[in-house]
Amino acid sequence: MPQLSVIVPAFNERDNLAPLTAALASTLDGIDYEVVVVDDDSPDGTGALARRLAQDNPRIRVIQRIGRRGLASAVVEGALSTSSPYIAVIDADLQHDERILPAMLAKLRADGLDLVVGSRHTGEGGMGDLSSDRVKLSNAGRRLFHAISHTHISDPMSGYFVLTRGFFDEVAHSLSAIGFKVLVDLLASARRPVRVGEVGYQFRSRAHGDSKLDIVVELEYLELLFDKLTGGWIPPTYFLFGLVGTAGMFFNFVAAALLLRVWGVDFFRAQAIGALLTVALNFFLNNALTFRSARMRGAEIVTGLLLFYVVCSIALLAQLAVASALRQFGVHWAPATLVGIVIGSVWNYTIAAQLVWRGHRRRAT
Ligand SMILES: Nc1nc2c(ncn2[C@@H]2O[C@H](COP(=O)(O)OP(=O)(O)OP(=O)(O)O)[C@@H](O)[C@H]2O)c(=O)[nH]1
Ligand SMILES: [Mg+2]
């Protein structure tokens with residue numbers, strides 16, 4: 001049985017795999033290890049190349065997921081597929097300096113820690129030539145992490161770390177497995193103080209392939225934090241649904257105002273057009289963000305949009321029914337309105353998730 005399983009999440013990383021596995025072979029000389037490449041059916045053939053490499057090197061294994069995407073879930077499933085007492089996670093694109101891996105493992109064992117992070121903010125560490133915008137984003141992420149967790153660690157945004165099987169098993173069922181920030185997920189899922197250590201390294205720039213980091217990844221980090229803060233009781237997609245709905249309210253107001261005051265449309269029509277446009281806007285935003293794992297394309301969009309209009313109308317009726325029923329029981333207008341809004345939005349979310357975007361990603365647990 002290998003002592004160390006090195007999990008490598010890889011999407012469209014064909015040109016990086018051979019250099020990475022060669023670098024791992026030379027740095028991990030003397031350690032009994034295996035490499036688990038977790039590929040999400042990359043169009044560039046990363047999975048096929050990994051299998052070819054595995055033919056020559058029995059230390060390499062491949063998991064190819066079809067119809068799935070996601071860095072965090074790739075890492076979690078890679079770790080679950082192994083049995084070694086130590087698990088490392090390293091990016092495929094050679095940005096993480098593999099030469100410190102033996103030192104990270106040695107520290108984990110010698111100091112009896114749960115987890116050792118490859119850090120860009122300690123000792124020899126550095127951000128390399130990462131753009132100043134990316135550094136700012138990373139710093140904002142760090143601050144948010146420190147707002148939800150008491151673990152003292154200089155680089156919670158790192159994707160490079162080694163942990164013990166025991167610690168992984170302890171938190172595995174509480175992981176959200178959303179987005180890119182697996183380390184934040186692991187640390188925030190622990191129900192006790194985590195024993196962490198850090199080893200510094202210089203972040204390298206990407207040699208080949210494209211970054212997968214985009215605005216959705218940032219939103220996913222907020223989703224992850226929301227999931228951790230609510231203890232998994234409220235679906236994180238509801239949080240995005242709520243954000244989209246709030247943005248829609250502002251849009252509705254501005255659209256109605258423009259129609260009424262600038263284009264001289266009468267009051268009732270301005271309300272109706274504003275509301276219809278807002279539902280369409282909400283549909284497209286939810287399709288692109290909230291329910292992106294079941295995103296509709298092409299002709300599906302037309303039926304999806306029509307269905308969403310029906311669902312929203314029913315939600316509106318439910319909202320009105322609840323608010324007026326409460327009013328009849330003598331409840332003050334403010335709580336009656338608020339309860340109506342909450343019932344309407346929960347109803348809207350639930351039916352939209354079940355009916356319009358069936359099969360969107362749900363929590364693993
Ligand atoms: N299996 C799998 N791996 C992924 C997915 N998204 C990203 N990865 C891998 O996760 C690692 C980190 O992704 P990157 O795009 O390098 O993100 P980053 O390092 O924050 O951004 P850059 O500095 O621009 O490279 C890489 O090895 C990617 O191939 C995914 O959906 N599935
Ligand atoms: Mg990268």
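Worth pointing out:
- Within region 214-229, if we keep just the residues that are within 16 Å of ligand 2 (Cβ to nearest atom) and without any contact (Cβ under 8 Å) to a residue 40 or more places away in the chain, the residue that is farthest from Ala188 (Cα to Cα) turns out to be Asp214.
- Options Ala172, Ala188, Ala177: the member that is of a type outside the set (Asp, Glu), more than 16 Å from ligand 2 (Cβ to nearest atom), surrounded by 15 or more Cβ atoms within 10 Å (Cβ to Cβ) and not in a helix (DSSP H, G or I): Ala177
- Taking the conditions (1) part of a loop (DSSP other than H, G, I, E, B); (2) more than 16 Å from ligand 2 (Cβ to nearest atom) in turn, Asp129 satisfies each one other than (2).
- Filter result for Leu183 (hydrophobic (A, V, I, L, M, F, W, C) and more than 16 Å from ligand 1 (Cβ to nearest atom)): no
- Members of region 287-310 that are more than 27 Å from the chain's Cα centre (by Cα) and in a helix (DSSP H, G or I): Val302, Thr303, Leu306, Leu307, Tyr309, Val310
- Yes/no for Asp227 being crowded, with 17+ Cβ neighbours inside 10 Å and within 19 Å of Gly128 (Cβ to Cβ): no
- Matching residues, region 197-213, being surrounded by fewer than 19 Cβ atoms within 10 Å (Cβ to Cβ) and either more than 20 Å from Ile153 (Cβ to Cβ) or near ligand 2 (Cβ under 10 Å from one of its atoms) (or both): Arg204, Ser205, Arg206, Ala207, His208, Asp210, Ser211, Lys212, Leu213
Table: residues versus (1) in contact with a Ser or Thr (Cβ under 7 Å, 6 or more places away or on another chain); (2) without any contact (Cβ under 8 Å) to a residue 24 or more places away in the chain.
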| position | (1), (2) |
| --- | --- |
| Val244 | yes, no |
| Val254 | no, yes |
| Leu277 | no, no |
| Arg292 | no, no |
| Leu305 | no, no |
| Ala321 | no, yes |
| Arg327 | no, yes |
| Ile341 | no, yes |
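- All of (1) in contact (Cβ under 8 Å) with a residue 60 or more places away in the chain; (2) more than 14 Å from ligand 2 (Cβ to nearest atom); (3) under 18 Å from Ser189 (Cβ atoms) hold for Val89 with one exception: (2).
- Residue check for Ala177: within 23 Å of the chain's Cα centre (by Cα), within 16 Å of ligand 1 (Cβ to nearest atom) and either outside the structural domain of Arg69 (by TED's automatic domain parsing) or free of Cβ contacts under 8 Å to residues at least 40 places away in the same chain (or both): no
- Being in contact with a Leu (Cβ under 7 Å, 6 or more places away or on another chain), over 27 Å from Asn348 (Cα atoms) and in contact (Cβ under 8 Å) with a residue 24 or more places away in the chain is true of Gly197.
- Selection count, region 91-113, where residues are within 16 Å of ligand 1 (Cβ to nearest atom) and not charged (D, E, K, R): 5
- Checked against the criterion of being surrounded by 15 or more Cβ atoms within 10 Å (Cβ to Cβ), within 28 Å of Leu113 (Cα to Cα) and of a type outside the set (A, V, I, L, M, F, W, C), region 28-50 has at least one qualifying residue.
- Qualifying residue in region 143-156 (condition: within 14 Å of ligand 1 (Cβ to nearest atom) and either out of contact with any Lys or Arg (no Cβ under 7 Å at 6 or more places or on another chain) or touching a residue at least 40 places away in the same chain (Cβ under 8 Å) (or both)): yes
- Among the residues of region 1-20, not one is in a helix (DSSP H, G or I), away from ligand 1 (no atom under 13 Å from the Cβ) and closer than 19 Å to Met104 by Cβ.
- Of the strands (runs of 3 or more DSSP E) lying entirely inside region 54-120, those containing at least 1 residues that are assigned by TED's automatic domain parsing to the domain that holds Arg192 and under 16 Å from Val36 (Cα atoms) are 60-64, 86-89.
- The residues on offer are Arg59, Arg99, and the sole one that is of a type in the set (Lys, Arg), under 17 Å from Phe203 (Cβ atoms) and either in contact (Cβ under 8 Å) with a residue 40 or more places away in the chain or surrounded by fewer than 17 Cβ atoms within 10 Å (Cβ to Cβ) (or both) is Arg99.
- Of all residue pairs spaced 6 or more apart or on separate chains, those with beta-carbon atoms under 7 Å, a first member in region 4-19 that is at positive phi and a second member that is more than 12 Å from ligand 2 (Cβ to nearest atom) are Asn12/Ser42; Asn12/Pro43; Asn12/Asp44; Asn12/Thr46.
The values are calculated or read from the model by the stated rules, or taken from the named source; none is laboratory data. Predicted, not measured: the structure shown is a model, and the values here were computed from it. Here Cβ is always computed from backbone atoms with ideal geometry, including for glycine, and neighbour counts include all displayed protein chains.
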